[in-house]
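Visitor: Below you'll find the structure I mean.
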Amino acid sequence: MQVEHARMHAKHRGHEAMHAEMVLILIATLVVAQLLLVQWKQRHPRSYN
C-alpha cells in the first residue's frame, strides 16, 4: 500500500507548479479583460451601454 502511494506521488510530481502557473494565467487574463472593458467604456460609451 505504501509503495503504491509513493508511486502515485512520484507520478504527480510537479503538478503544484502547474497549478500555480494556471492560477497566474487566470489572474493575468482577468486583469487584461478588465482593462479592455474599461477602455471600451471610455472610448465607445454608446456601444458599451
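Any read-out appearing in this document is the output of simple, stated calculations on the displayed coordinates, not a laboratory observation. Nothing here was measured: the structure is a model prediction, and the numbers come from that model.
Visitor: Restricting attention to region 17-24, does a residue exist that is more than 13 Å from the chain's Cα centre (by Cα) and in a helix (DSSP H, G or I)?
Guide: no
Visitor: Going by what's in this entry, would residue 7 be described as part of a helix (DSSP H, G or I) and either β-branched (Val, Ile, Thr) or over 19 Å from the mean Cα position of the chain (by Cα) (or both)?
Guide: When the stated conditions are applied, residue 7 passes them.
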